[in-house]
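Take a look at the structure below.
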Amino acid sequence: MTDRPASSSDDKKSDPVVNAWDAMNEAALATIQMSVKPVHLNTVTSVDTAKKAWDALKVMFEARDTAQLLRLMDDLSSFKKDGDENIIKFSSRAKMLRDELVMLGNLVDDNTLALRVRPGLPAEYGMLRTVFENKDTKLVMSDVTAKLLQVEQRSISVGASKPSGSVKSQAVAAAAPKKPFDKKSFV
């Protein structure tokens, strides 16, 4: 959408370029007015060109996107696992939040997502949270989810066989490397 072209003559009614632009502007403005929700109608009917209507909508929706971005960033900062929520749902909610942020143009990589959701894990995942925090390499959310799922599943199986099982020891086992012990590396 562009501004109205300048007329080459004093009689703006006889300039074919201006007439064509006026017709296209009128059609575009009508299309915009018919396409918006009633709540936005006043915004697009108070202007006289499609460009002004478009610009007004752009400003309004950018402000809304900024507010939504701030809300989503706050949600990510305070992200917590619900009490009876399983790790798959927890991880899925985190990924959906990341996807919403990406749609607003705010890229959140796997490492950042994993580090942001880590504090929202309950105390029984404390050891695994510490392992993730002190890891030398970047975290991958699917790997983090897999480790958390191992701890959750061990907790369920231990809980079924023993009345009081500790998830901390299972968190250490889930985070431990799968290599055999090498005495030479400690000497």
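Every number here is computed from the coordinates shown, using simple stated rules; none is lab data. Because the structure is a prediction, the values reported are computed rather than measured. Here the Cβ positions follow ideal geometry from the backbone for every residue, glycine too, while neighbour counts run over all protein chains shown.
A few comments on the model shown:
- Residue in segment 18-26 that is surrounded by 12 or more Cβ atoms within 10 Å (Cβ to Cβ), charged (D, E, K, R) and assigned to a helix (DSSP H, G or I) present: yes
Each row is one residue, and each column tells you yes or no for (1) over 30 Å from I156 (Cβ atoms); (2) touching a residue at least 12 places away in the same chain (Cβ under 8 Å); (3) in contact with a helix residue (DSSP H, G or I) (Cβ under 6 Å, 6 or more places away or on another chain).
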site: A53; (1), (2), (3): yes, yes, yes
site: M60; (1), (2), (3): yes, yes, no
site: L72; (1), (2), (3): yes, yes, yes
site: K80; (1), (2), (3): no, yes, yes
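- Boolean, Q153 is farther than 30 Å from H40 by Cα and out of contact with any Leu (no Cβ under 6 Å at 6 or more places or on another chain): yes
A quick yes/no check of all residues on (1) within 17 Å of the chain's Cα centre (by Cα); (2) of a type in the set (K, R); (3) under 30 Å from D3 (Cβ atoms); (4) surrounded by fewer than 12 Cβ atoms within 10 Å (Cβ to Cβ):
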residue	(1), (2), (3), (4)
K37	no, yes, yes, yes
H40	no, no, yes, no
R64	yes, yes, yes, yes
L69	yes, no, no, no
N86	no, no, no, no
S91	yes, no, no, no
R98	yes, yes, no, no
